[in-house]
Amino acid sequence: MARGALTSRLVAVALVAVAVALPFFAATYYLQLASKVLLMGLLAMALNLVVGFGGLVSLCHAAFFGLAGYVLALTSPPYEAASIWITLPAAVGAAALAALVIGALSLRTRGIYFIMVTLAFGEMLFFFFHDTRVAGGSDGTFIYFKPLVAIGSLPLLDLEKARTFYWVVLGLTLAGIALLVVIVRSPFGHALAASRVNERRARSLGFPIYRIRLAAFVISGALAGLSGYFAAAQFGYVAPQMLGWHVSATALVMVVLGGMRTVTGPLLGAAILMGLEEFLRASTEHWKLLEGLIIIGLVLAFPDGVRQLFDMALKPHAFPALRRMRRPAVPREAGNA
Amino acid sequence: MPEVALRAEGLEKRFGGLRAVREVSLDVHIGEIHAVIGPNGAGKSTLINLLSGELGATAGSILLRERPVGRLGVHHRALAGIGRSYQKTTIFLPFTVLENVRLAAQARTRGGLRLFGSPERDADLNANARAALDQVGLSGRAEVAAGLLSHGEQRQLEIAMVLATEPKIILLDEPLAGMGTSEAKAMIELIRSLKEGRAVLIVEHDMDAVFSLADRLTVMADGRVIASGNPEEVRRHPAVRAAYLGEEGPP
Ligand SMILES: Nc1ncnc2c1ncn2[C@@H]1O[C@H](COP(=O)(O)OP(=O)(O)OP(=O)(O)O)[C@@H](O)[C@H]1O
Ligand SMILES: [Mg+2]
């Protein structure tokens, strides 16, 4: 067990090292793609806090993602860059507030009703930006400058540089992972999991289920907003589609594809889905069909998510079926059962 | 007179036209086991659900040491000291036995919802959880997934979870259901030990167990209390003999 943990730590360190060094060997196009993957991965990991750990399938996370993007667009002055110190807290705060309101109402429902209610709230926000003139209506609006990271007049980072932007996004993604890992392992995280596994028992032990779920929903919405803020900055453009159910559903596919019971699974899901898309789009006209088939294949092959592959490779003893395949049956030591 | 821990007055629960519980009043005392018996559908589980807060009463009041709790939700009543088990075992099946009990201990702890730290490394939580497992005799199974336990062990685990919340009042809904003879024997002794410093209300069909455990009995039929008192009084009560115990009578 200890050896497995050590190896997986080493693999993680190696992956992070490669990710940090990426700008030194990858072309700008791929850096931008990598930034996009990280941001969608962050959205999917945020979503997974409620879906995988909380057992609540939300279909409105694109609304938090897009809302934060819109806040950046609306608070950016037309001819100069907006200060990140003002626009980022505003965007994340707006996403968290939206999550608080939507969560407070939709968490009164359960199961399929929860899915439908979150979908409805997400679509409400979509149509708000689609049908009103708030920010260009259905055409969306441009963000001409990336946010300014400066103290007074001293610039700290130049987000216009693809490389710097990528590193900032990478840093945020890693911070997001660290935050989620801490939460999942915390007493709160255990209580959240307990309410997923057996709501009735968790409640009769004394856990305030509604408040626990609402807190998870708000944290998750805020992280989705963080991702949306940088996604909008990267594209230089926001449109209502950013808030639509299609983005929510894509994030959900990333969650399922990568693995719901791990923090980083959804990030892997994002990388696979977007890498696949990139590759297939260049190779065939019928890429959507092919993509769909491959995803179905992967989900069937890895019902617990593709991230499971890593665990299988690193900790084979944790997978009895695998162990049986590798070694002939060995009688268990007495007293070990 | 021993201290009243939980008092129900004129409780009623309607499900549409059905009055599953009507005009039920009872006291549960610290240091006593109060058994509620009655035929299937008498309203016993509904009564427990009213007391634990899972159902809201249509009429009547519930007092927890003179404090009205009828309007409190389930988790508030749990934190106020009411612990319960279910007729159908209700535990966290995929989690290990220790995790199950640790969650129970965590629920009533200050900081039980902190966003940092780890329950697994919390010495106090682990000690409390282990103590509860010791008390029900499940220490040897701490690392086993709860779903892999035998039925009897699962019922023991549920009691351990209730104990780990350190309740003042324990409500048990048919704790012996589906148990083998030797398992049941151990469970009866466990239940007997629970009344030390606590009030216990037990719903049970096993009459031998009931008459060996109960300090006080309430007999229900069709949602109503048809008799109550100490075991001797109830045993002799004509309505009970007719409606419930049959001609043979209890042992
Ligand atoms: N949620 C509910 N909705 C409607 N009717 C219910 C509900 N729960 C219980 N009932 C009805 O209320 C009556 C009392 O049920 P209850 O489960 O309290 O009986 P019980 O005494 O526990 O029986 P048993 O010994 O079989 O467990 C029954 O007629 C039952 O069908
Ligand atoms: Mg019952």
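The values are calculated or read from the model by the stated rules, or taken from the named source; none is laboratory data. This is a predicted model, so every value here is computed, not measured. Glycine gets a Cβ as well: all are built from the backbone with ideal geometry, and neighbour counts include every protein chain shown. To get the accessible areas, we keep the full protein, side chains included, count just its heavy atoms, and leave off ligands, DNA and RNA. Shrake-Rupley method; radii C 1.70, N 1.55, O 1.52, S 1.80 Å.
Work through the residues other than residue A:23 whose Cβ is under 14 Å from its Cβ and net out their charges, Lys, Arg +1 and Asp, Glu -1.
Values: positive: A:161, A:163; negative: A:158.
Here the count lands on +1.
When the Karplus curve 6.51 cos²θ - 1.76 cosθ + 1.60 is applied with θ = phi - 60°, which whole-Hz ³J(HN,Hα) does each residue of segment B:60-69 get, with x for Gly and Pro?
Each residue's phi maps through the Karplus curve to give x, 9, 10, 10, 9, 6, 6, 9, x, 10 Hz.
Take the alpha carbon atoms of segment B:91-166, find their radius of gyration, then divide it by 2.2 N^0.38 Å using N residues; give the quotient.
Compactness ratio reported: 1.01.
Over the protein assembly as shown, with every protein chain in place, what whole percent of the accessible area is carbon and sulfur at 1.4 Å, could you tell me?
So the carbon and sulfur contribution to the accessible surface is 61 percent.
Provide the FRET efficiency to the nearest 0.05 for the residue A:313-residue A:142 pair, computing r from the beta carbons and using R0 = 51 Å.
0.65
Determine how many Å³ per residue the convex hull of the Cα atoms of the protein assembly as shown encloses.
205 Å³
7 Å from Cα along Cα→Cβ at both residue A:113 and residue A:80: what's the point-to-point distance in nm?
So the label points at residue A:113 and residue A:80 sit 5.2 nm apart.
At 1.4 Å probe size, with no ligands or nucleic acids counted, give the accessible surface of residue B:3 in Å², nearest ten.
In the full protein context, residue B:3 sits at about 100 Å².
Going through the DSSP H helices of chain A, which span 20 Å or more along their own axis at the Cα atoms while scoring at least 0.0 as a mean Kyte-Doolittle hydropathy?
Answer set is A:2-21, A:28-48, A:61-75, A:84-106, A:111-131, A:162-185, A:209-235, A:265-283, A:287-301.
Pull up all non-local amide H partners of residue B:220: gap of 5 or more, or a different chain, and H-to-H distance under 5 Å with H placed in the peptide plane.
So residue B:220 has HN proximity to B:37, B:38, B:226.
For segment B:72-114, which residues drop by 40 square angstrom or more in accessible area between the chain on its own and all protein chains together (1.4 Å probe)?
With the partner chains in place, segment B:72-114 has these residues losing at least 40 Å²: B:74, B:75, B:86, B:90, B:92, B:95, B:103, B:107, B:113.
Quote the FRET efficiency, to the nearest 0.05, computed for residue B:139 versus residue A:284 with a Förster distance R0 of 56 Å and r equal to the Cβ-Cβ distance.
0.40
When N is the residue count of chain B, what does its C-alpha Rg come to as a fraction of 2.2 N^0.38 Å? Please list the in-between numbers first.
Numbers: Rg = 18.2 Å, N = 251, 2.2 N^0.38 = 18.0 Å.
Relative to the 2.2 N^0.38 Å estimate, chain B comes out at 1.02.
If amide hydrogens are placed 1.01 Å from N in the peptide plane, which non-local residues have theirs closer than 5 Å to the one on residue A:109?
none
For the protein assembly as shown, what is the accessible area per residue in Å², given a 1.4 Å probe and the full set of protein chains?
Here the per-residue accessible area is 47 Å².
Under the rule of at least 5 residues apart or a separate chain, name every residue whose amide H is placed under 5 Å from the amide H of residue B:199.
When sequence neighbours closer than 5 places are left aside, the close amide H contacts are B:31, B:169, B:170.
Quick check on segment A:1-147: what does the Kirkwood estimate of hydrodynamic radius come out to from the alpha carbon pairs, in Å?
In segment A:1-147 this quantity evaluates to 18.0 Å.
What is the Cα convex hull volume of segment A:24-244 when expressed per residue in Å³?
Considering the Cα atoms of segment A:24-244, their hull volume per residue is 123 Å³.
Given the DSSP H assignment, sum -39500 (n - 2.57) over each helix run of at least 4 residues in chain A and divide by its residue total; what's the result at 222 nm in deg cm²/dmol, nearest 500?
About -23000 deg cm²/dmol.
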